[in-house]
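One structure below.
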Amino acid sequence: MEAKLPLTIIDNQQLQYENELLKIAVLGGVKLEGLDRLRVTLKVELKDSPRPALRHNMDLYNDTQLEKFIRKIAERMEIGTSVIAASLNELTNHLESYRLQLLKDQSEQKQQKKQLSEVEREEAINFLKTPDLLLRTNDLIGKSGVIGEELNRLLMYIIFTFRKGRTPLHVISLGSSGTGKTHLQEKVGELMPEEDKLEITTLSENAFYYFGQRELKNKLILIEDLDGAENVLYPLRELQSKKRISKTIAHTNSKGERRTIHLVVEGPVSVAGCTTQEHIYEDNANRSFLIYLDESKEQDEKIMNYQRAEAAGRIDKQAEEATKNLLQNVQRLLQPIKIINPYAEYLQLPNEVFKPRRTNSHYLLFIEAVTFYHQYQRPWINTETGEIIDPNNSTLQKSLPLGEVGGAVLTTIEDIQEANQLIKNILLRKSDELSGACRNYFEKLKQYLQENKLTQFNNREIRKALRIPTSTQKRHTVALIENYFIKKVKGTKERGYLYEIVNAQEYKELQNKITNVLDETLQNIKDKNLDKSGSGSLVAQSKSEPPKAKRSKVIKEKVQEI
């Protein structure tokens with residue numbers, strides 16, 4: 001912003017006002033919050049005079065403070081109060097204009113989004129229309145610098161993408177210290193546009209209530225460590241569940257008058273965080289997808305090989321940056337649209353899943369998220385007329401005007417198949433009686449016994465082989481005994497016990513049950529002839545039924561059933 005005399009803007013922290021008599025510096029700039037006050041630190045000097053400057057901190061909107069300050073300047077500088085009052089009044093007017101301009105610039109900067117060039121737009125649209133979109137996307141995520149974690153990184157990417165959905169999903173990354181939880185979240189987060197995310201290291205308890213009413217709407221909130229944001233977990237849960245938070249506070253204005261202010265911040269938001277302590281954040285975990293980091297030796301090797309290649313200068317950083325830019329542009333072209341799943345009533349969860357009500361909601365929403373990402377490939381429907389519109393229509397080369405035609409994107413069988421493949425491990429963990437850390441320990445224990453052809457073991461041997469702390473092993477052993485996964489076979493407390501596994505195949509059996517339920521449900525959908533073409537595409541189905549009136553009637557009936 002150009003400086004206008006008599007107010008000279010040296011920088012944001014120092015402004016200077018001059019007239020024929022006085023020179024006044026505003027030290028520290030002006031505060032943007034609270035338009036009912038104008039608190040500043042002033043340095044007042046008499047021009048062409050050896051008298052020392054007068055420094056004072058005050059609120060220019062407080063008449064009592066202003067009158068005292070005017071008299072103080074008059075006494076110190078030996079000039080008339082009317083001249084000083086006029087100077088301070090003019091300064092106040094200029095500061096008000098300056099502050100309002102700053103607020104306007106700040107608002108425009110927040111709302112500013114990158115405008116894609118025609119080349120960038122065409123490249124992003126072509127990518128969104130490619131076959132095997134999820135497979136191609138996962139490949140690009142790897143090329144952007146995310147090493148390994150093939151399943152977790154794609155799951156996290158889809159969840160982050162659905163921040164624009166009607167009910168965004170949330171994710172918590174779990175794993176031991178040093179396994180790369182924060183790194184994975186940070187690297188996948190880099191694939192989202194800067195204007196759509198908020199990265200948090202730590203926040204005060206009431207910080208969320210002071211965002212603008214719609215400032216967080218459909219934003220991705222990345223929390224580096226949940227332990228450092230413990231104070232804001234409650235408002236975060238409210239934003240996740242109710243999609244808004246509110247708070248009423250008492251406020252005292254510059255005249256000493258007290259009044260109440262109602263603060264409202266609207267969502268929805270998508271929240272991601274990392275922690276090593278699963279049980280402490282159970283309330284937040286219930287609202288989120290839980291991702292357990294790969295702690296295998298193979299993953300360690302992948303990361304270390306990348307680190308070595310990077311140190312040797314063999315990683316093409318420009319190619320990584322170009323990949324990030326492409327995926328960010330893809331995100332910018334995805335529009336918040338309604339998703340209709342014609343197959344929703346036929347979907348079933350395995351009986352083994354704990355807390356099925358919330359998990360069922362997550363399952364349905366995740367299928368919506370997969371459909372949402374495929375919006376440039378899926379059929380969409382005018383919900384008013386029942387007309388199906390082919391996604392290859394030339395109109396879509398520039399935009400998807402779904403809002404203009406009252407449209408919605410339709411879920412296909414392919415979406416359900418792909419969602420099932422990605423969500424199997426999530427459902428498996430939600431069906432497990434053991435915590436994630438305990439399950440990881442137990443599976444490593446099984447692998448060790450199998451490799452060494454052992455049926456019995458003692459804690460000391462396993463602790464040494466797996467290199468884990470005594471306290472951690474004791475905690476896991478208690479959980480395994482209580483849930484009857486292992487049992488004592490002989491020994492004493494003084495000399496130690498020998499243990500054996502009750503059923504070494506229990507986890508595979510649970511995995512098979514979940515897979516079978518998902519596969520049977522999918523087959524059931526196909527058997528009911530919901531998709532007569534067998535392709536999973538309602539567009540293809542519509543082509544097999546030429547009469548437009550008949551096609552519209554079929555779709556209307558399906559939409560009404562939902």
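Brief remarks follow.
- Per the Debye formula on identical point scatterers at the alpha carbon atoms of segment 122-220, with no solvent, log10 I(q)/I(0) at q = 0.14 Å⁻¹ is -0.64.
- Other-chain or far-sequence residues with amide H under 5 Å of LYS197's (modelled H): LEU220
- In order along segment 11-22, the Karplus-derived 3J(HN,Hα) couplings, from 6.51 cos²θ - 1.76 cosθ + 1.60 at θ = phi - 60°, round to 7, 5, 9, 8, 10, 9, 10, 9, 9, 5, 10, 10 Hz, and Gly and Pro are given as x.
- 1.4 Å probe accessible area per residue over segment 43-96, in Å²: 57
- Accessible area per residue for segment 439-485 is 67 Å², calculated with a 1.4 Å probe on protein heavy atoms, without ligands, DNA or RNA.
- Of the trypsin sites (Lys or Arg not before Pro) found in segment 25-59, those that fall in a DSSP loop while having at most 12 other beta-carbon atoms within 10 Å are LYS31, LYS47.
- Counting only protein heavy atoms and a probe of 1.4 Å, the accessible surface of segment 1-80 is 47% carbon and sulfur.
- Accessible surface of segment 85-237 [probe 1.4 Å, protein heavy atoms]: carbon and sulfur percent: 45
- For segment 404-511, the spread of Cα positions along each principal axis, largest first, Å: 76, 26, 23
- Based on protein heavy atoms only, segment 181-236 ends up with 46 Å² per residue of surface accessible to a 1.4 Å probe.
- In segment 3-140, one over the average inverse separation of all distinct C-alpha pairs is 18.4 Å, which is the Kirkwood hydrodynamic radius.
- Under-5 Å amide H pairs with ILE486, H placed in peptide plane, nonlocal only: ILE481, VAL502
The values are calculated or read from the model by the stated rules, or taken from the named source; none is laboratory data. Since the model is a prediction, treat every value here as computed from it, not as a measurement. Heads up, the Cβs are rebuilt from the backbone with ideal geometry, glycines too, and the neighbour counts pull from every protein chain shown. The area values use the complete protein model at the heavy-atom level, side chains included, leaving out ligands, DNA and RNA. Shrake-Rupley method; radii C 1.70, N 1.55, O 1.52, S 1.80 Å.
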